[in-house]
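Engineer: What follows is a structure written as structure tokens; I'll ask about it next.
The values are calculated or read from the model by the stated rules, or taken from the named source; none is laboratory data. Just so it is clear, the model here is predicted, and its values are computed rather than measured. In this analysis, Cβ positions are derived from the backbone assuming ideal geometry, glycine residues included, and neighbour counts consider all displayed protein chains.
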Amino acid sequence: MKQRIAINFNAYWYPLLSLVQRDFKVRYSSTVFDIGWVIIKPLIFISLYTLVFSIILKVKVGPNDGHGDFVLFLLSGYFPFMASAEGIQRGSRSLIDNRGLLKKVIFPAEVLPVVGVVSATVTEFIGMGLLLGFAVASGAPLSGWLLLLPLVVLLQVIMTVGLAWLLSVLTVFLTDLGEALGLMITGWLFLTPIFYPVDSIPPDLLLFFKLNPMFHFVAAYRAIILQAHAPWPELPVAGLFAFGLSLIGFWFFRKTIDRAKNFI
């Protein structure tokens with residue numbers, strides 16, 4: 001049993017970690033600040049949004065939406081959403097961009113769509129860490145529920161991986177999907193209550209919005225970071241979406257990967 005576990009670890013985790021490491025090297029090795037851009041970019045986002053929305057426009061959110069600082073409200077949803085969006089976009093092209101690895105029989109194809117998701121999640125972790133520091137500095141009421149934050153991130157990764165598996169194969173067969181995906185993600189962004197509170201959604205449309213898995217993830221992040229209370233029932237619902245989409249994506253990937261390899 002121990003030998004089988006070791007084999008499974010080497011077959012999936014070692015290639016995944018190696019490809020993630022290579023991904024960061026390729027993206028940042030030619031830049032002056034190297035991996036430091038992972039920290040610099042979210043710092044710039046926080047600074048710019050603070051300047052525009054808090055200092056210039058002085059935008060506030062209602063008392064039901066947490067601390068009242070619009071920058072915290074916005075970025076506590078925006079950072080997680082962009083992590084999933086980046087993971088999905090990069091995962092959707094992972095088979096096409098790595099067709100050479102797919103020709104190797106011993107290489108686990110399931111790993112390829114996961115690489116972009118993991119890389120985007122590392123960036124999200126750093127961004128959320130900086131955002132929490134900003135929340136403390138602005139006086140947000142943080143609580144012990146922050147211990148659930150890694151669980152929310154993990155469930156989001158599971159959901160994003162499922163969508164990346166699904167779209168990575170579909171992109172092989174549907175060549176226009178890659179072009180349409182950017183528009184679909186933009187629509188997804190505006191149909192997720194990131195720039196506006198849930199209370200502003202018309203009651204007749206609320207059920208439609210709740211069919212969006214990121215609706216529940218954003219609500220869970222804000223419950224923990226802004227409102228300092230348990231993310232219920234948002235977290236269980238987000239978990240159902242995460243495991244459901246992951247199982248569907250994995251089933252579809254395994255069902256069609258052989259045809260995709262021959263098609264590329």
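Engineer: Can you tell me which residue in region 36-55 is nearest to SER76 (Cα to Cα), limited to those that are surrounded by 16 or more Cβ atoms within 10 Å (Cβ to Cβ) and among the β-branched types (Val, Ile, Thr)?
Structural biologist: ILE46
Engineer: ILE225 is checked against (1) at pLDDT below 95; (2) farther than 26 Å from LEU102 by Cα; (3) out of contact with any Gly (no Cβ under 8 Å at 6 or more places or on another chain) and fails just one. What number does that condition carry?
Structural biologist: Only one criterion is unmet by ILE225, namely (3).
Engineer: Is it the case that some residue within region 86-104 is more than 18 Å from the chain's Cα centre (by Cα) and under 28 Å from VAL237 (Cβ atoms)?
Structural biologist: No, the conditions are met nowhere in region 86-104.
So that you can scan it fast, the table gives a plain yes or no per residue for (1) farther than 21 Å from TRP188 by Cβ; (2) in contact with a strand residue (DSSP E or B) (Cβ under 9 Å, 6 or more places away or on another chain); (3) surrounded by 23 or more Cβ atoms within 10 Å (Cβ to Cβ):
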| position | (1), (2), (3) |
| --- | --- |
| VAL71 | yes, no, yes |
| ALA83 | no, no, yes |
| SER94 | no, no, yes |
| PHE107 | yes, no, no |
| VAL114 | no, no, yes |
| VAL117 | no, no, yes |
| GLY127 | no, no, yes |
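To keep it simple, each residue is scored yes or no on (1) modelled with pLDDT under 95; (2) within 23 Å of GLY244 (Cα to Cα).
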| site | (1), (2) |
| --- | --- |
| THR121 | yes, yes |
| GLY127 | yes, no |
| LEU132 | yes, no |
| TRP165 | no, yes |
| THR175 | yes, no |
| PRO197 | yes, no |
| ILE201 | no, no |
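This table checks each residue for (1) in a helix (DSSP H, G or I); (2) more than 30 Å from LEU102 (Cα to Cα).
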position: GLY182; (1), (2): yes, no
position: HIS216; (1), (2): yes, yes
position: HIS229; (1), (2): no, yes
position: ILE257; (1), (2): yes, no
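Engineer: Further, regarding this structure: I'm told ASP258 meets every condition in (1) farther than 27 Å from VAL111 by Cα; (2) modelled with pLDDT under 95 except one. Can you identify the failing condition by its number?
Structural biologist: For ASP258, the exception is condition (1).
Engineer: Looking only at region 84-100, decide whether some residue is outside any helix (DSSP H, G or I) and either among the polar types (S, T, N, Q) or at pLDDT below 85 (or both).
Structural biologist: Yes.
Engineer: Scanning region 96-105 for residues that are within 21 Å of VAL26 (Cα to Cα) and touching a residue at least 24 places away in the same chain (Cβ under 8 Å), which turns out surrounded by the most Cβ atoms within 10 Å (Cβ to Cβ)?
Structural biologist: So, considering only residues that are within 21 Å of VAL26 (Cα to Cα) and touching a residue at least 24 places away in the same chain (Cβ under 8 Å), the one surrounded by the most Cβ atoms within 10 Å (Cβ to Cβ) is LEU102.
Engineer: Looking only at region 50-79, how many residues end up being modelled with pLDDT of 90 or more and in a strand (DSSP E or B)?
Structural biologist: Going through region 50-79 one residue at a time, the tally reaches 0.
Engineer: Take SER138 and decide whether it is modelled with pLDDT of 90 or more, of a type in the set (S, T, N, Q) and over 10 Å from the mean Cα position of the chain (by Cα).
Structural biologist: Considered against the rule, which asks whether it is modelled with pLDDT of 90 or more, of a type in the set (S, T, N, Q) and over 10 Å from the mean Cα position of the chain (by Cα), SER138 comes out as no.
Engineer: Now a separate question. Quick check on region 161-169. Is at least one of its residues out of contact with any Asp or Glu (no Cβ under 9 Å at 6 or more places or on another chain) and surrounded by fewer than 21 Cβ atoms within 10 Å (Cβ to Cβ)?
Structural biologist: No, there is no match, as no residue in region 161-169 is out of contact with any Asp or Glu (no Cβ under 9 Å at 6 or more places or on another chain) and surrounded by fewer than 21 Cβ atoms within 10 Å (Cβ to Cβ).
Engineer: I need a count of the residues in region 132-180 that are touching a His at 6+ places or on another chain (Cβ under 9 Å), at negative phi and not in a helix (DSSP H, G or I).
Structural biologist: 4
Engineer: Only one of (1) in contact with a Pro (Cβ under 8 Å, 6 or more places away or on another chain); (2) closer than 24 Å to VAL114 by Cβ fails for LEU149. Which number is that?
Structural biologist: Looking at each condition in turn, LEU149 falls short on (1).
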